[in-house]
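Contents: one structure, followed by commentary.
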Amino acid sequence: YHGYTLLDKCDAQPAFPFGFGLGYTTFAYSDLRVVLEGDALRVRVKVTNTGARAGEEVAQVYIGMDHSRVDRPKKLLKGFEKVAIPFGESVDVAISIPLDDLRYYDAQGGGWRLEAGAYRIMAGSCSDDAALLSALVQLDAPFANVA
């Protein structure tokens with residue numbers, strides 16, 4: 001654990017969360033959608049420029065597992081996309097997360113494992129929990145313990 005993952009583990013609030021940035025406009029996130037497409041999660045989120053001028057935003061996707069059988073960070077950055085948005089407009093940002101990116105190393109079994117269960121998918125502008133939209137995705141048996 002280090003950086004924002006250590007702060008999450010200790011329930012500490014940083015002055016500036018991971019991914020935080022300053023700009024000359026503001027953005028709002030809405031309409032988080034997650035679907036399983038083949039061997040990847042397709043995450044889509046609507047980002048709206050709510051400010052008075054054009055700007056660029058880095059949409060970030062974090063993934064965590066609330067009830068994992070192994071010790072894991074609360075959430076990890078798994079994808080991001082930089083988009084330019086004119087003032088007053090919205091864009092639909094799509095980020096694909098391969099299921100391989102959700103695996104953990106099983107030291108006893110000697111291989112990478114994809115744990116079955118509910119994964120929390122979070123999207124927003126930084127790692128601050130209060131600023132993240134959240135959805136749950138269930139990955140079941142066909143994905144469990146695939147090496």
Original post:
Do we find a residue being at positive phi and of a type outside the set (A, V, I, L, M, F, W, C) anywhere in region 49-71?
Top reply: no
Original post:
Just checking, how many residues over region 93-138 are open to solvent by 60 Å² or more (accessible area, probe 1.4 Å), closer than 15 Å to Arg33 by Cβ and in contact (Cβ under 8 Å) with a residue 60 or more places away in the chain?
Top reply: 1
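For residues that are part of a strand (DSSP E or B) and open to solvent by 40 Å² or more (accessible area, probe 1.4 Å), tally how many sit in region 71-92. Spell out how you get there, then give the answer.
Within region 71-92, the subset part of a strand (DSSP E or B) is 76-85, 90-92.
Still in the list and also open to solvent by 40 Å² or more (accessible area, probe 1.4 Å): 76-78, 80-82, 84, 90-92.
Counting residues in region 71-92 that are part of a strand (DSSP E or B) and open to solvent by 40 Å² or more (accessible area, probe 1.4 Å) gives 10.
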**OP:** Considering only region 54-91, state which residues are within 19 Å of Gly117 (Cα to Cα) and among the β-branched types (Val, Ile, Thr).
**Re:** Val61, Ile63, Val70
Original post:
How many residues are touching a Cys at 6+ places or on another chain (Cβ under 9 Å) and at pLDDT below 95 when one looks only at region 47-88?
Top reply: 0
**OP:** Please specify each residue of region 77-116 satisfying the condition of being more than 24 Å from Tyr4 (Cα to Cα) and in contact with a Gly (Cβ under 8 Å, 6 or more places away or on another chain).
**Re:** Ala84, Ile85, Phe87
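The values are calculated or read from the model by the stated rules, or taken from the named source; none is laboratory data. Not measured: the values here are computed from a predicted model. Cβ sites come from the backbone with ideal geometry, for glycine too, and all protein chains shown count toward neighbours. Accessible surface is based on the protein model in full, side chains and every heavy atom, while ligands, DNA and RNA are left aside. Shrake-Rupley method; radii C 1.70, N 1.55, O 1.52, S 1.80 Å.
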